[in-house]
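Down below is the structure, laid out as structure tokens.
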Amino acid sequence: CGSMFRSVDGVLHVEGVSVLDLVKELGSPLYVTSRGRLEENMKAYMQAFPDARLLYAVKANNNLSIMKIISRAGFGADVFSDGELYLALLAGFKPEKILFNGNSKSEEEIRMGVRAGTYFSVDSIDELHVLSEVAVEEGEEVKIAFRINPDISPETHPKISTGLRTSKFGIPWEEVANAYRLAVEMPGIVPAGIHCHIGSQILDISPFVEALNRLFDVAEVLEDMGIDVEFLDLGGGLGIDYEGKGSPTPADFAAKILPVFEERKERLNSNPELWLEPGRSIIGNTTILLTKVNAVKKAYKNFVAVDAGFNLLMRPAMYNAYHRVAIANKMDREEEEVYTIVGPICESGDVLAEDRKLPRVERGDIIAIFDAGAYGFSMSSQYNGRRRCAEVLVEGNKYYVIRERESYTDLVGKQVIPEHLLKE
Ligand code: LLP
């Protein structure tokens, strides 16, 4: 599991802290993040891409403390909604380092971004019209990129493949010149870059190279139109090693991307900056989800019923995603039997890990689910009346609660009961 997650006398530790102590203190389920691992991941990107602008994809994990660490390190942010923009600003990301993404922005969202002074990735001509109107009303000049649909098919789950011709995102790359032609004429709009995103959890770098070439193809057309290309945004999407089979590092990524970038940049008059929007590869492997075993039963399979389900970690149910698991209090024991780990949600699809060989599992054991930092808590829900769990940040031998577990009144939320119903 690497140096930040390791077994000490059979007990899983995150940096210097025993996860059993954490569960004893703070209860289960519990998300635990290693700051050390996060710093390592950020450093790897910064070293591999010293001249690129790195925008952290807030959708992966929008915990404020985590985002604060990332913004302090110098990262900008990719936000996909008004709410993400609000949280990113609160966490200290500077608006001039924020790209406002999204294929369906409301006028309110657009106004919020214009007032804050973010860059915009524009996904349609309709959006361009609204953006121009709002920019003029607000007396601002907004720098934009169009999101192109690069028509590239990387090997990943169809639900997270975003650059296919059939996907809802972007403007077909062969047609985007018309959009820029329109944008050049529009008041309040400054065409400054080109954006694409081909998908997520991609382990083969060649589709990124293909996408980069598409960006340059479009850049050449823009230069002919007299546009100075300030940035080329290749999106996020570098996958992580969920299965323990190895995965490309940011350095591997850079080794394939940067030579192409430099070579093709030579042929331009502009001097575009490379922008990247990593989410998962920054935060994914920094975090585990701890969950307690409520029951073990032999039925069709050996089922281990734990207290976290797809309410807290949606990925296995939604994408058939694989997350490594271990028994946090039995790290040194021999594997004995094959178990299927299921959550407490009233749906048979609530499976976290299928057919895993583990040491003997008993009621009260603590299961650790690895690589849960990206699209874990940020996709959680209160389904089945389940309160969301706490989040903890570990720094060396210290830990800090960075989100408290929800209370029952959080389940009531913003509901109101009309007066007449109260009287019935
Ligand atoms: N930029 C854009 C425009 C994106 O759409 C995404 C992810 C990212 C950046 C960040 O990609 P990353 O580096 O994290 O791969 N919930 C799914 C993943 C959805 C990703 C959607 N877009 C999952 O749990 O696998």
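The values are calculated or read from the model by the stated rules, or taken from the named source; none is laboratory data. Note that the structure is a prediction, hence the values are computed from the model and not measured. So basically every Cβ, Gly included, is an ideal-geometry build from the backbone, and we count neighbours across all protein chains shown.
Within the set of pairs 6 or more residues apart or between chains, which connect a residue that is among the charged types (D, E, K, R) and at pLDDT 95 or above inside the range 273-298 to a residue that is within 16 Å of the ligand (Cβ to nearest atom) and assigned to a strand (DSSP E or B) with Cβ atoms less than 6 Å apart?
From the range 273-298, the pairs are Glu273/Arg53; Glu273/Phe231; Glu277/Leu55; Glu277/Ala57; Glu277/Asp78.
Within the range 147-163, how many residues are hydrophobic (A, V, I, L, M, F, W, C) and within 10 Å of the ligand (Cβ to nearest atom)?
Quick first cut of the range 147-163, residues hydrophobic (A, V, I, L, M, F, W, C) only: 148, 152, 160.
Narrowing the set further to residues that are within 10 Å of the ligand (Cβ to nearest atom) leaves 160.
Looking only at that region, the number is 1.
For the range 314-345, name all the residues that are touching a Phe, Trp or Tyr at 6+ places or on another chain (Cβ under 9 Å), part of a loop (DSSP other than H, G, I, E, B), more than 16 Å from the ligand (Cβ to nearest atom) and more than 15 Å from Ser28 (Cα to Cα).
Ile345
Quick one: in the range 187-234, of everything that is assigned to a strand (DSSP E or B), among the small types (Gly, Ala, Ser) and within 14 Å of the ligand (Cβ to nearest atom), which residue is surrounded by the fewest Cβ atoms within 10 Å (Cβ to Cβ)?
Within the range 187-234, the subset assigned to a strand (DSSP E or B) is 189-195, 199, 202, 231-233.
Then keep just the ones that are among the small types (Gly, Ala, Ser); that gives 192-193, 199.
Narrowing further to those that are within 14 Å of the ligand (Cβ to nearest atom): 193, 199.
Values: Gly193: 25, Gly199: 27.
It comes out as Gly193.
Give me the pairs, please: first residue somewhere in the range 227-238 and over 10 Å from Ala52 (Cβ atoms), second residue anywhere and within 8 Å of the ligand (Cβ to nearest atom) and among the β-branched types (Val, Ile, Thr), beta-carbon distance under 6 Å, and either six or more positions apart or on two chains.
Gly237/Ile202
When the residues of the range 235-276 are filtered to those that are more than 19 Å from Asp371 (Cβ to Cβ) and assigned to a loop (DSSP other than H, G, I, E, B), which remaining residue is nearest to the ligand (Cβ to nearest atom)?
Only one residue tops the list, namely Gly235.
Within the group Phe93, Phe80, which residue is within 22 Å of Arg147 (Cβ to Cβ) and within 14 Å of the ligand (Cβ to nearest atom)?
On the way: Phe93 fails: within 14 Å of the ligand (Cβ to nearest atom).
One residue alone meets the criteria, Phe80.
Kindly indicate the residue of the range 282-313 that is part of a loop (DSSP other than H, G, I, E, B) and under 26 Å from Glu40 (Cα atoms) and also farthest from the chain's Cα centre (by Cα) among those meeting that condition. Can you show your working first?
Residues of the range 282-313 that are part of a loop (DSSP other than H, G, I, E, B), as a first pass: 299-301, 307-313.
Right, trim to under 26 Å from Glu40 (Cα atoms) and you get 312-313.
On the way: Leu312: 15, Leu313: 13 Å.
Going through the qualifying residues, I end up with Leu312.
Restricting attention to the range 203-222, does a residue exist that is under 18 Å from the mean Cα position of the chain (by Cα), within 15 Å of Thr162 (Cα to Cα) and in contact (Cβ under 8 Å) with a residue 60 or more places away in the chain?
no
Looking at Leu89, Leu38, can you tell me which residue is touching a Pro at 6+ places or on another chain (Cβ under 9 Å), more than 22 Å from Leu258 (Cα to Cα) and assigned to a helix (DSSP H, G or I)?
Working: Leu38 fails: touching a Pro at 6+ places or on another chain (Cβ under 9 Å).
None of the other options fit; the residue is Leu89.
Can you pull out every residue in the range 47-66 that is within 16 Å of the ligand (Cβ to nearest atom), over 22 Å from Val19 (Cβ atoms) and not small (Gly, Ala, Ser)?
Phe49, Arg53, Leu54, Leu55, Tyr56, Val58, Lys59, Asn62
Could you identify the single residue in Arg72, Arg111 that is basic (Lys, Arg), at pLDDT 95 or above and out of contact with any helix residue (DSSP H, G or I) (no Cβ under 9 Å at 6 or more places or on another chain)?
Numbers: Arg111 fails: out of contact with any helix residue (DSSP H, G or I) (no Cβ under 9 Å at 6 or more places or on another chain).
After ruling out the rest, the residue left standing is Arg72.
Could you check the range 137-176 and list, in sequence order, the residues that are assigned to a helix (DSSP H, G or I) and either among the basic types (Lys, Arg) or surrounded by fewer than 16 Cβ atoms within 10 Å (Cβ to Cβ) (or both)? Show your work before the answer.
The initial filter retains those residues of the range 137-176 that are assigned to a helix (DSSP H, G or I), namely 137-138, 158-160, 173-176.
Across the range 137-176, the qualifying residues are Glu137, Glu138, Pro158, Lys159, Glu174, Glu175.
Taking the range 150-201, which residues are free of Cβ contacts under 8 Å to residues at least 24 places away in the same chain and closer than 29 Å to Glu137 by Cβ?
Within the range 150-201, Glu175, Asn178, Glu185 qualify.
Given the residues Ala88, Ala44, which is the only one that is buried (at least 21 other Cβ atoms within 10 Å of the Cβ) and over 26 Å from Ala308 (Cβ atoms)?
Testing whether each residue is buried (at least 21 other Cβ atoms within 10 Å of the Cβ) and over 26 Å from Ala308 (Cβ atoms) leaves just Ala88.
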